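The structure appears right after this line, and notes come after that.
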Protein chains: 4
Amino acid sequence: MAGSTFGTILRVTTWGESHGPALGAVVDGCPAGISLCEEDIQFYMNRRKPGQNPYTTPRSESDRVEILSGVFEGRTTGTPISLIVHNTNQHSGDYSTIKDIYRPGHADYTFDAKYGFRDYRGGGRSSGRETIGRVAAGAIAMKILAEIGIEVHAYTRSIGPVCLTGQFNPLDALTTPTGIPNAEISASAETYLRQCMTERDSAGGVIECITSPLPAGLGEPVFDKADALLSQALMSIGAVKAVEIGDGIQVSLSKGSQNNDSFVMQDGQVTTETNHCGGILGGMTNGSPLLIRAHVKPTPSILAEQNTVTTAGENTVITIPGRHDPVIVPRAVVVVECMVAFTLADLLLRNMSANVASLHRIYDK
Amino acid sequence: MAGSTFGTILRVTTWGESHGPALGAVVDGCPAGISLCEEDIQFYMNRRKPGQNPYTTPRSESDRVEILSGVFEGRTTGTPISLIVHNTNQHSGDYSTIKDIYRPGHADYTFDAKYGFRDYRGGGRSSGRETIGRVAAGAIAMKILAEIGIEVHAYTRSIGPVCLTGQFNPLDALTTPTGIPNAEISASAETYLRQCMTERDSAGGVIECITSPLPAGLGEPVFDKADALLSQALMSIGAVKAVEIGDGIQVSLSKGSQNNDSFVMQDGQVTTETNHCGGILGGMTNGSPLLIRAHVKPTPSILAEQNTVTTAGENTVITIPGRHDPVIVPRAVVVVECMVAFTLADLLLRNMSANVASLHRIYDK
Amino acid sequence: MAGSTFGTILRVTTWGESHGPALGAVVDGCPAGISLCEEDIQFYMNRRKPGQNPYTTPRSESDRVEILSGVFEGRTTGTPISLIVHNTNQHSGDYSTIKDIYRPGHADYTFDAKYGFRDYRGGGRSSGRETIGRVAAGAIAMKILAEIGIEVHAYTRSIGPVCLTGQFNPLDALTTPTGIPNAEISASAETYLRQCMTERDSAGGVIECITSPLPAGLGEPVFDKADALLSQALMSIGAVKAVEIGDGIQVSLSKGSQNNDSFVMQDGQVTTETNHCGGILGGMTNGSPLLIRAHVKPTPSILAEQNTVTTAGENTVITIPGRHDPVIVPRAVVVVECMVAFTLADLLLRNMSANVASLHRIYDK
Amino acid sequence: MAGSTFGTILRVTTWGESHGPALGAVVDGCPAGISLCEEDIQFYMNRRKPGQNPYTTPRSESDRVEILSGVFEGRTTGTPISLIVHNTNQHSGDYSTIKDIYRPGHADYTFDAKYGFRDYRGGGRSSGRETIGRVAAGAIAMKILAEIGIEVHAYTRSIGPVCLTGQFNPLDALTTPTGIPNAEISASAETYLRQCMTERDSAGGVIECITSPLPAGLGEPVFDKADALLSQALMSIGAVKAVEIGDGIQVSLSKGSQNNDSFVMQDGQVTTETNHCGGILGGMTNGSPLLIRAHVKPTPSILAEQNTVTTAGENTVITIPGRHDPVIVPRAVVVVECMVAFTLADLLLRNMSANVASLHRIYDK
């Protein structure tokens, strides 16, 4: 299928299934000389780990990441960085009930349709564990971005109808079980989630991501616009069904005079008075912070009974056994953050050859 | 920059600026033996042509497409298809007022930031005329899809606050100046547009695209999910700021029991009772029609005065001369349709090597 | 087929057939700000033009190149550069004798086998005219390389058994009809060619290419080694059947103590005493000049009668009508030169993000 | 650097250094449903293992390959296949003598020039152990090719001046320590090698690879010609300095009447009377066996003293400690075989969408 690689200069290839011996990623194209150790990556891995609060699956995985190549004496060497996380807690054999039935909202049927059969254990390649490789790669991208002072932060904007309002500090997302950077609103969201669980049902939500002001000019003018690649990056995360940049869907209701961000000089720099565009104009960053949102569907695995069909083509009903996350959003926050970071780091490297002045800056003696 | 190419097996490379001698595209990877003539492409080109109604720029371009290679005796040969459209109506010299000023909402500043200078005539490469190559390529993709009976149709869903409701026939989009496939609602949208013009302002809107039921299994499981690539495809169109698949942003408010599409057997085929997922599960088509939406910002060129800065870094005001489209949406409908078709045709070809049964189907004697 | 594009950051896509209306290329990824005009390119086009001496086909084409995009006010803009050459002298209708017969040594049969049919006029896409796009793209690469003082020169090393010996100036290749940079040896080669023509036969030869000393570090360590990509580049030229780097095939007879190039300091620079390696170690340039050779087969179109088969599967004999180049080599010299230049320019741009020092050199304020 | 991936539909990404904890590869794009187990791969791994005879390094590695993903119940699933080989016998600390000195003929200097520093332990990424990933990937390609009956066999054609002659069975390459498929000639080569060792020197050689007759039409007409990609594949192997297809360098001395392979019908099939072209015409396979050769330089690590420079830029002499393979060729035979297999398997998959008849063969119900 050859769709497991993302990026142009900075490239990640992920591999692994829910119930195989391990999952991982290979990151190629990272500049040499970046300081990197396993703890740099583990910090992000821990944020996506299961079993951290009542709203995530209790499957207890340590998810320790190991660096197998590409780092020497604490610095990247320019050669591919291979990352691995061993699966330690998978239980094959529990999957007899879903082996011959297509779970609604899952990729069971589409995998069979494409490949002729599937690894039915825990979703196989379409499991949420596939994001391990994304997070590991994103952590490396964060180190590249940090070299020139760029930060990327994601947080939960809403769960079901409960939405973040008012001022907030994105870093507070790390302090609540929902990822909403406001304790009170997070508590409301938890109430909503407990209700969903009582109803044997699940909830969706919205994840937002912002960055520090980016260098102007990242992104390529036509098909590889910064917003286009970021959309691919986020829409490629399992349960995401919509992506917005800046004002997003609101632009259709806005007028040009409202939606345009006026340019203004500030401290000798071109900047904008507002940021309706989310930091991107014509597919290239304009020096403002990036603002992007991903809309996440409710967990498809629910305890309630559902109509479906068997692999043999008979109508049936299914009750998916086990305990399920009532919402995907909190654990997907770090995945969004990492995919944004990875996309930006790649665009940062791609932009280095944009003009002849850069060529001279690198090669003139 | 190397971002002017889209697709993996079926690939398009577009080129050309608003005020150069011509624009065009090269489509590589089209299977040999597809019937193709210039009229097949011109049909789509005519739908994006300027000057067709009161809401589009009066620049009168014939936009005749020529096929320069890759077709012999009425059929594609498997070699690259080069397409060209000559610019016949560009007037350089009118652009002195914008040469030294950054227009709000446009790519003027970001082009300068990236490349060090820009072709300031009519937006250069970031002009809406860049979509000529996309439409030409999409028309070829339509012919590939038609070989196995797939149709793709886009239409305007809303302009400003005026939104399509009720039953409709997507093909009626061709019968109204707004692209809304309902004459009455289209008339309301026109009223809104005239009001915007009176206010020297502009409007946004939403474009929706549906297809006939697709073969199940198109799309690749991880980064090249069908929805991820479609999002890139649509977000790469100039003024698009949000993309939704199926229920899109509504999923965040939905519950699993509502959002899951139950599978059911119908005429011996696996199908779903609803289509909240928009025809895609786990990044692969599930046999249902695709449903996708693009949110388009209001035209940034407006007659009203705006604050901005000069290329020399001084605050100033700008009044953009000339007549401007009060809304981009109607002419972008065919661009959305063509980008969806192109993305699907590429995924159709990519899917041909998905399993060993296909290998035998092609190579066994 | 999607094989008409070459390069990673600097990318060229070529298109066009022998008897279509035009041929051309799109070069994407060229840094902005490089001085470029049509004459820069025409200089190289003229060197591959037919009809310049007794050993090239008399088809008289002016082969004027036009730049259709990507250049503004004499400088590249960073957007794709579209190049076109109109066919002015093609005569369809002369091809009835080869329409239904497979010419030995040509791609007629393989095209039919792959695509189901072919454009039989003058070889279609497999004609030598396909190299027009390569030369046009290579001319742009030369301008990029010239920015940092790199020159690339190819010349004929041998035709049949007549081989260049002694000291020579590569630029003298432009002064002889054979491309051999030595008038006397060239005259011997001409004698050999006239004999081949008398025998209704054709000759092969060897083209060599050298560069000025290259920056050290170009090329990527594993699959995209400089020598690997250069080999692809040269072997992708129609009649090339072997590629050698440095001592090439002689290395199999050499010993380590002879073949290793000793490092030595010279003017404070690491350099080598010899250049058996042809300027490449471990796939990366070592600061020495590149040395590479391509072996070219004899023109497959000959006047002598040959055994072959018809498209209907019957044995037959063929006598290919018309006048043919008795040797491909002289006109392929500039093609080799251009492909080497293009490959190196791409590697030059790819290398710009190799290490963190470069990152800071571009982005630090 | 992003050069660690090879292939278009079937893609391999390799990773790992000589003295890291492990090396490996990720193979993406393998069709689902191919039977595959670790022993299928181990067979090829064992052929490249060190320590098997007097002419290979005694570093004793078990080189056991593990499949970490992409295979379920004995069949490929269509998802990426991750392969790992743990390093068990590396001794860091022995490398103090080469840490600060550039070994002639090695990539030490070019790595430093590109990246600013290097992993100096055992050559790091430029070690011969990098080929582990190539061989593992090639073994999977062999399984794909075997589905339609294609076999690939490489063998040593010459070592120094000792060259294979007469009739032979390629499979006999497995029976001699040199890989020459003739016991007597192999014995002569061993005599030559022992002499080189006595002289504290090393030898080069030639590896040849043939296949069973291939389906006609594999390869893409322009830059991705079968021979062009095969050249990249072979030239990307560490010590290879020349690649020949079919008659290779002999074509420059041949005439068209000799070099053309006449077509002739045989059992209702188009075939050729000779195979000077090595099975490729116009970049596409013509139904004959492929014939390709790689010329391998002598091992650069020799016991004899050599002039070189230090990383600090001082002239010095180096004597490389330890025992070294006096020749690379025998262990590289399987690497050549595997790279050819991988390239062909990718072209086989790419060719599946070449024409509209194939499209209908896959998608028509």
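The values are calculated or read from the model by the stated rules, or taken from the named source; none is laboratory data. Bear in mind the structure is a predicted one, so any value in this text is a computation, not a measurement. Note that we place each Cβ from the backbone using ideal geometry, even for glycine, and neighbour counts take in every protein chain shown.
Hey, any hits in the stretch A:179-202 for a residue that's free of Cβ contacts under 8 Å to residues at least 24 places away in the same chain, closer than 23 Å to A:Asn286 by Cβ and among the hydroxyl-bearing types (Ser, Thr, Tyr)?
Looking through the stretch A:179-202, none of the residues is free of Cβ contacts under 8 Å to residues at least 24 places away in the same chain, closer than 23 Å to A:Asn286 by Cβ and among the hydroxyl-bearing types (Ser, Thr, Tyr).
Being among the small types (Gly, Ala, Ser) and free of Cβ contacts under 8 Å to residues at least 40 places away in the same chain, is that true of even one residue in the stretch C:219-229?
Checked the stretch C:219-229: no residue is among the small types (Gly, Ala, Ser) and free of Cβ contacts under 8 Å to residues at least 40 places away in the same chain.
Could you list, in sequence order, the residues of the stretch A:175-186 that are surrounded by 15 or more Cβ atoms within 10 Å (Cβ to Cβ), part of a helix (DSSP H, G or I) and not β-branched (Val, Ile, Thr)?
A:Ser186
Residues are listed down the side, and each one gets a yes or a no for (1) under 25 Å from D:Gly133 (Cα atoms); (2) part of a loop (DSSP other than H, G, I, E, B); (3) within 11 Å of another protein chain (Cβ to nearest Cβ):
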residue	(1), (2), (3)
D:Gly166	no, yes, no
D:Ala173	yes, no, no
D:Thr191	no, no, no
D:Pro215	no, yes, yes
D:Asp224	yes, yes, yes
D:Leu229	yes, no, yes
D:Ala233	yes, no, yes
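Pairs please, first residue from the stretch B:238-250 and touching a residue at least 24 places away in the same chain (Cβ under 8 Å) and more than 19 Å from B:Leu290 (Cα to Cα), second anywhere and of a type in the set (A, V, I, L, M) and assigned to a loop (DSSP other than H, G, I, E, B), Cβ atoms under 7 Å, 6+ apart in sequence or on different chains.
Close Cβ pairs (under 7 Å, with a partner that is of a type in the set (A, V, I, L, M) and assigned to a loop (DSSP other than H, G, I, E, B)) amount to B:Ala239/B:Ile328.
I'm checking my understanding of the structure. Among residues of the stretch A:193-234 that are of a type in the set (Ser, Thr, Tyr) and within 24 Å of the chain's Cα centre (by Cα), which one is nearest to B:Ile249 (Cα to Cα)?
The residue in question is A:Ser231.
Counting only residues that are in contact with a strand residue (DSSP E or B) (Cβ under 8 Å, 6 or more places away or on another chain) and assigned to a helix (DSSP H, G or I), which one in the stretch D:193-213 is farthest from D:Thr156 (Cα to Cα)?
Per the criteria, the residue is D:Cys196.
Return the residue satisfying two criteria in turn: it lies in the stretch B:235-255 and is at the interface with chain A (Cβ under 7 Å from one of its Cβ atoms), out of contact with any Asp or Glu (no Cβ under 7 Å at 6 or more places or on another chain) and among the small types (Gly, Ala, Ser), and of such residues it is nearest to B:Gly282 (Cα to Cα).
Ranking the qualifying residues of the stretch B:235-255, first place goes to B:Gly246.
Report, by residue number, each residue of the stretch D:251-280 that is touching a residue at least 12 places away in the same chain (Cβ under 8 Å) and within 22 Å of C:Ile159 (Cα to Cα).
Within the stretch D:251-280, D:Val251, D:Ser254, D:Gln258, D:Asn259, D:Asn260, D:Asp261, D:His276, D:Cys277, D:Gly278 meet the criteria.
Starting from the stretch D:104-118, keep only residues that are on the phi > 0 side of the Ramachandran plot, then list their pairs with residues that are surrounded by fewer than 24 Cβ atoms within 10 Å (Cβ to Cβ) and β-branched (Val, Ile, Thr) whose Cβ atoms are within a distance under 6 Å, requiring at least 6 positions of separation or different chains.
none
Condition test on A:Glu337, is it more than 7 Å from every other protein chain (Cβ to nearest Cβ), crowded, with 24+ Cβ neighbours inside 10 Å and not hydroxyl-bearing (Ser, Thr, Tyr)?
For A:Glu337, the condition - more than 7 Å from every other protein chain (Cβ to nearest Cβ), crowded, with 24+ Cβ neighbours inside 10 Å and not hydroxyl-bearing (Ser, Thr, Tyr) - is met.
Got a sec? Which strands (runs of 3 or more DSSP E) wholly within the stretch B:1-77 have at least 2 residues that are at the interface with another protein chain (Cβ under 8 Å from one of its Cβ atoms) and without any contact (Cβ under 8 Å) to a residue 60 or more places away in the chain?
Of the strands (runs of 3 or more DSSP E) lying wholly inside the stretch B:1-77, those with at least 2 residues that are at the interface with another protein chain (Cβ under 8 Å from one of its Cβ atoms) and without any contact (Cβ under 8 Å) to a residue 60 or more places away in the chain span B:22-28.
For residues that are facing chain C (nearest Cβ under 7 Å) and assigned to a helix (DSSP H, G or I), tally how many sit in the stretch A:340-359.
So the count comes out to 7.
Can you name the number of the only condition in (1) of a type outside the set (A, V, I, L, M, F, W, C); (2) within 14 Å of chain C (Cβ to nearest Cβ); (3) under 18 Å from the mean Cα position of the chain (by Cα); (4) surrounded by fewer than 19 Cβ atoms within 10 Å (Cβ to Cβ) that A:Lys143 fails?
Checking A:Lys143 against (1) of a type outside the set (A, V, I, L, M, F, W, C); (2) within 14 Å of chain C (Cβ to nearest Cβ); (3) under 18 Å from the mean Cα position of the chain (by Cα); (4) surrounded by fewer than 19 Cβ atoms within 10 Å (Cβ to Cβ), the one that fails is (4).
Would you check if there is a residue in the stretch A:278-286 being under 30 Å from B:Asp261 (Cα atoms), surrounded by 24 or more Cβ atoms within 10 Å (Cβ to Cβ), small (Gly, Ala, Ser) and touching a His at 6+ places or on another chain (Cβ under 9 Å)?
no
Could you please let me know if B:His276 is closer than 30 Å to B:Gly138 by Cβ, assigned to a loop (DSSP other than H, G, I, E, B) and at pLDDT below 95?
Spelling it out, it is not the case that B:His276 is closer than 30 Å to B:Gly138 by Cβ, assigned to a loop (DSSP other than H, G, I, E, B) and at pLDDT below 95.
With respect to A:Gly166, determine if the residue is modelled with pLDDT of 95 or more, buried (at least 20 other Cβ atoms within 10 Å of the Cβ) and on the phi > 0 side of the Ramachandran plot.
Against the criterion (modelled with pLDDT of 95 or more, buried (at least 20 other Cβ atoms within 10 Å of the Cβ) and on the phi > 0 side of the Ramachandran plot), A:Gly166 does not qualify.
Report whether or not D:Leu253 is farther than 30 Å from C:Asp119 by Cβ and touching a Cys at 6+ places or on another chain (Cβ under 9 Å).
In short, no.
Regarding D:Gly256, is this residue in contact with a Pro (Cβ under 7 Å, 6 or more places away or on another chain), crowded, with 18+ Cβ neighbours inside 10 Å and among the small types (Gly, Ala, Ser)?
yes
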